[in-house]
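The block underneath contains the structure these notes are about, expressed in structure tokens.
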Amino acid sequence: MPSEEQAAAQFYVGVDVGSGSVRAALVDGAGAVVAHAERPIQVWEPCPDHYEQSSADIWAACCSVTKEVVRGVDASQIRGLGFDATCSLVVVDKQSQPLAVNSEGQHHRNVIMWMDHRAVSQVRRINATQHRVLNYVGGAMSVEMQPPKLLWIKENLPESWDKVGYFFDLPDFLSWKATGVTARSLCTVVCKWTYTSDRGWDDSFWKMIGLEELVKDKYEKIGSQVLSPGEAVGRGLAPDAAEDLGLPEGIAVAASLIDAHAGGLGVIGADVKGHNLPCENQPITSRVAMICGTSSCHMGVSETPIFVPGVWGPYFSAMVPGLWLNEGGQSATGKLIDHVVRGHAAFPELEAKAAASAHSIYTYLNSHLDLIKKSLPVGFLTVDLHVWPDFHGNRSPLTDLTLKGMVVGLTLSRGLDELALIYLATIQAIALGTRHILEVMQAAGHDISTLFLCGGLSKNPLFVQMHADITGKPVVLSKEVESVLVGAAILGACASGDFASIQEAMAKMGKIGRVVQPNHEHKRFYDKKYKVFLKLVEHQREYRSIMNS
């Protein structure tokens, strides 16, 4: 392990590709973010449930932000590079050029985003097979995974299908662009493609769902070489990529991670001594990392495989080497909050007042809730207002993409007070969904005592407090707000050889900041809210059964 003095003089670059932007950070060996940059990337929505991006646009953004964060730094101090990204599907042809994933033939739009739900028919047929690989995704595959998207391309875009050179998960596309090596990360292929660390690819699955071509070419198109996250890819950064990124040629490039897993890596292994947390004298398996952005992921690890109905995994070594990972999730969280707030009649008033006070709209809403609560705890304002948050289907633990959002308790009022209340009720619904996921994980065998939050929504104190109060568990926030980027940099640090293992790098570079304790005196109220929450989906299923009878 490097000394404190050496660590301060060594830097690692972490690059994170989110749904709407690319970010990069220069991180030192002690886990401090020294420089940070961000650039937006384009999203196309040609029709409902279709979301597309451009790999060229994404790579250009990666190059731009990386050059910005390393400007003025001695190249000899930059030791490694790590990427993380959303689990979107990138398609390139046999000449490694972008290949259209749309009927318009727009080849620059060659990425099917993670949140794209076009392959509903395909995923239903895949799940109807009840193949054994489905046991490792909670019993049912999500439409957001890659096999249904591949099948959709074959069935709907035969010209593109015939020209395909490679299909990449976006994190693997980035390491390929950086090194020229087509090796895939164990994280991506295990979590989104049905690969298993002990058996590899299952020929019978791909043949059963009608993608036998992938078997015939020995999986060359989707990954014939698999590396562990943090393992060095090839001989390091290729000359052309080094010039594009503004980095030294040959520096270590790590096998990548999905963005949520990088966030987990950046927080879950931090030293918690002296913070009076229940997980202090417990193994890392007592912790759940929750990565909250456009969507949310709930990452729990175990020493032995735990099969949780409706929760993805168990995946061996997909995030922390040597441990099994279960991953719960909510398909729309930050996106849902934005949708609810921006679609309200009082949003123009909110926007104007927030701008006049030089605050973000969410800081203003939080302050407004404090004004209208009077003597009540702020959470109690929603005693008559309840939200079911599955506006984009349920990922976990019900694995039902047909579920819809619900709001109960609306009035004719359309003012700022009502907007603040529906905003609060939506945040509470997301936290209640987290409680639902955690309870299912615990019933299956996980022993969870503490939540570790990171991502954009972790910057919202109301979101954090509601998760503590509603789950009844303390919430730990990372010292570095950009902990997903720290996670990506941890990969680069591990690939460089400066740390003996990911666990060692996690302990050294992950730092905890604020701890938010639950208000246990509010438990009775939130227990009742949770009962109403579960009744909402029960009633939705009941009325759908009536309408479909």
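The values are calculated or read from the model by the stated rules, or taken from the named source; none is laboratory data. From a predicted model like this one, the values you see are computed outputs, not experimental measurements. All Cβ positions, glycine included, derive from the backbone under ideal geometry; neighbour counts span all protein chains shown. Only protein heavy atoms, including side chains, enter the accessible area calculation; ligands, DNA and RNA are left aside. Shrake-Rupley method; radii C 1.70, N 1.55, O 1.52, S 1.80 Å.
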Practice task
Could you tell me which label, among [x] 4, 17, 26, 27, 19, 6, 1, 0; [y] 4, 19, 29, 27, 16, 5, 0, 0; [z] 3, 13, 14, 12, 10, 9, 8, 7, 6, 5, 4, 4, 3, 1, 1, 0, carries the value of P(r) over Cα pairs in 10 Å bins from 0, in percent calculated for this structure?
Solution key: [y]
Practice task
Note down the relative contact order for the stretch 33-172 as a percent, whole number, built from C-alpha pairs under 8 angstrom at least six residues apart.
Solution key: 28 percent
Problem - Semi-axis lengths (Å, descending) of the ellipsoid that matches the C-alpha gyration tensor of the stretch 11-257 - result: 31, 19, 16
Exercise for the section: Would you mind putting 491-500, 71-80 in packing order, based on average other-beta-carbon counts within 10 Å, highest first? Expected result: 491-500, 71-80
Handout entry: Shape call, the stretch 39-105: gyration tensor on alpha carbons, a/c limit 1.5
Key = prolate
Handout entry: Cα centroid separation, the stretch 466-504 to the stretch 40-64 (Å)
Key = 27 Å
Problem - Longest DSSP-loop-exposure-free segment, GluC sites (Glu not before Pro), the chain, at most 16 other Cβ within 10 Å - result: 304-549
Exercise for the section: Could you order SER302, SER545 by accessible surface area, starting with the largest, using a probe radius of 1.4 Å? Expected result: SER545, SER302
Problem - Solvent accessible area, Å² - ARG109, 1.4 Å probe, full protein context - result: 20 Å²
Exercise for the section: Could you pull out every one of the aspartates and glutamates with an alpha carbon less than 19 Å from that of LYS67, ignoring same-chain neighbours closer than 8 positions? Expected result: ASP16, ASP28, GLU38, ASP57, ASP84, ASP240, GLU243, ASP244, GLU249, GLU482
Practice task
Just add up the charged neighbours of HIS108: K/R +1, D/E -1, any other residue whose Cβ is under 13 Å from the Cβ of HIS108.
Solution key: -3
Exercise for the section: Rounded, prolate or oblate: pick one for the stretch 1-123, where a ≥ b ≥ c are the square roots of the eigenvalues of its C-alpha gyration tensor, a/c under 1.5 means rounded, and failing that, prolate if a/b is larger than b/c, else oblate. Expected result: prolate
Exercise for the section: Check cross-link reach from LYS221 to the lysines: straight Cα distance under 18 Å, and skip same-chain residues fewer than eight apart. Expected result: LYS94, LYS149, LYS154, LYS163, LYS177, LYS192, LYS207
Exercise for the section: Could you pull out the trypsin sites (Lys or Arg not before Pro) across the stretch 315-384 that fall in loop regions by DSSP (anything but H, G, I, E, B) with no more than 10 other Cβ atoms inside 10 Å? Expected result: LYS374
Handout entry: Reachable aspartates and glutamates, given that their alpha-carbon falls under 18 Å from the alpha-carbon of LYS535 and they are not under 8 places away in the same chain
Key = ASP384, ASP390, ASP400, GLU439, ASP527
Handout entry: C-alpha center-to-center spacing [the stretch 250-324, the stretch 408-437] in angstrom
Key = 29 Å
Practice task
First select every other residue whose beta carbon is under 11 angstrom from the beta carbon of ASN156; then total the charges, Lys and Arg +1, Asp and Glu -1.
Solution key: +1
Handout entry: the stretch 11-257: relative contact order in percent, alpha carbon pairs under 8 Å with at least 6 residues between
Key = 20 percent
